[in-house]
1. Specify which of the listed residues (Leu280, Leu241, Leu273) is in contact with a strand residue (DSSP E or B) (Cβ under 9 Å, 6 or more places away or on another chain), surrounded by 14 or more Cβ atoms within 10 Å (Cβ to Cβ), farther than 29 Å from Asn157 by Cβ and aliphatic (A, V, I, L, M).
2. From Ile124, Ile102, Ile120, which residue is more than 22 Å from the chain's Cα centre (by Cα) and surrounded by fewer than 18 Cβ atoms within 10 Å (Cβ to Cβ)?
3. Name the single residue, out of those in the range 287-319 being open to solvent by 10 Å² or more (accessible area, probe 1.4 Å) and within 19 Å of Val55 (Cβ to Cβ), that is nearest to the chain's Cα centre (by Cα).
4. Within the range 170-180, can you find the residues that are open to solvent by 50 Å² or more (accessible area, probe 1.4 Å) and modelled with pLDDT of 95 or more?
5. Answer with yes or no whether Met144 is modelled with pLDDT of 95 or more and crowded, with 23+ Cβ neighbours inside 10 Å.
6. Here are the criteria: (1) under 18 Å from the mean Cα position of the chain (by Cα); (2) open to solvent by less than 20 Å² (accessible area, probe 1.4 Å). Tell me which single one Lys165 does not satisfy.
7. Restricting the search to the range 59-87, which residues are of a type in the set (D, E, K, R), open to solvent by 10 Å² or more (accessible area, probe 1.4 Å) and under 21 Å from the mean Cα position of the chain (by Cα)?
8. State all residues of the range 223-237 that are over 20 Å from Lys248 (Cα atoms) and open to solvent by less than 60 Å² (accessible area, probe 1.4 Å); if no residue qualifies, say none.
Amino acid sequence: MDTQPHKRRVRYKGTHPRKFEEKYKEHDPEKYADTVAKVISKGSTPAGMHISICVQEILDFLQIRPGQKGLDATLGYGGHTRKMLECLQGQGHMYALDIDPIEIVKTKERLRKAGYGEEILTIIQENFANIDVVAQKFGPFDFMMADLGVSSMQIDNPQRGFSYKLEGPLDLRLNPEKGVSAAERLREVSSEELEGMLAENADEPYADKIAAEVARTFRKGQKIETTTQMREAIERALDFLPENREKKDIVKKTCQRTFQALRIDVNSEFEVLDAFLEKLPNVLSPGGRIAILTFHSGEDRLVKKAFNRYHKEGIFQDISKEVIRPSAQECRQNGRARSTKMRWAIKK
């Protein structure tokens, strides 16, 4: 007998839920499949969900066969993992890593409910920079993939602080249990360091103006602890721009780049990717295949440089000569796919 008390649904104003926590249908995609399908058909990503990108392109390259051993270095919502598991047809094993202690629990439960138990799928909370530790115990791997983007369920949750559009704490950590938040980081860096961070991590053209405004805000004794306060600081930094139609778009893109730069910094994303790429050849089986999805030029440069080096040294027998991009149809259906680049490599 089920003794758990019935939980009332969060109430909301109006005819449709607007806040993230109120969108009960989108948080339970298996139960409300029709609603979720309707949201996706309009080119939007349902709240609390993530639509996997370049799925077919990845599967076409990896050529997964039953009995093989594979690794998804960035589990996220589990969409790529699920498709790779289907290719194994119940034979072989998949391993999946994720650093996010909040989403990994939800994804594990979702995949278990879908029928993927311990006998075919092992999920580990681990930073993919430590791929060598994982490989010592479970590797080497016949196929691997890494999706370097932030998952939509992280972006859409205001409590995570990834989006300038939603009011919440300025956090931006992939693992909120470790390290310092973006708000704390802003308080400890100098104006010169912040300017360098914005320029290096996001190619931000107004890096000097934003850094100066952040410093000015702190000098006045004001705080930047929420996503809204950060957005307002950026808007003040761009006050000098003429009021016209272009200004709104410039502010939007500047906010996106600034939040990206802060996220990269607090999660040490370039250092983590460097460590992963350095260890990559030693965790792949001979003939092993790796596909990596990147979402901005800094990531893509690191992947391209590493792949070229390993190919030149004879460690990789083949690499993608050009980036593979999502189809125009996929970009229409999922706006978050537009900046995606895929590169692949095959070990000798």
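The values are calculated or read from the model by the stated rules, or taken from the named source; none is laboratory data. All values reported here derive from a predicted model rather than from experimental measurement. Because the Cβ atoms are built from the backbone with ideal geometry, glycine has one as well, and the counts that use them run over all protein chains shown. Heads up: the accessible areas ignore ligands, DNA and RNA and are worked out on the full protein's heavy atoms, side chains in. Shrake-Rupley method; radii C 1.70, N 1.55, O 1.52, S 1.80 Å.
1. Leu280
2. Ile120
3. Top of the filtered list is Phe295.
4. Residue satisfying the conditions is Val180 alone.
5. yes
6. (2)
7. Result: Arg82, Lys83.
8. Of everything in the range 223-237, those that are over 20 Å from Lys248 (Cα atoms) and open to solvent by less than 60 Å² (accessible area, probe 1.4 Å) turn out to be Ile224, Thr226.
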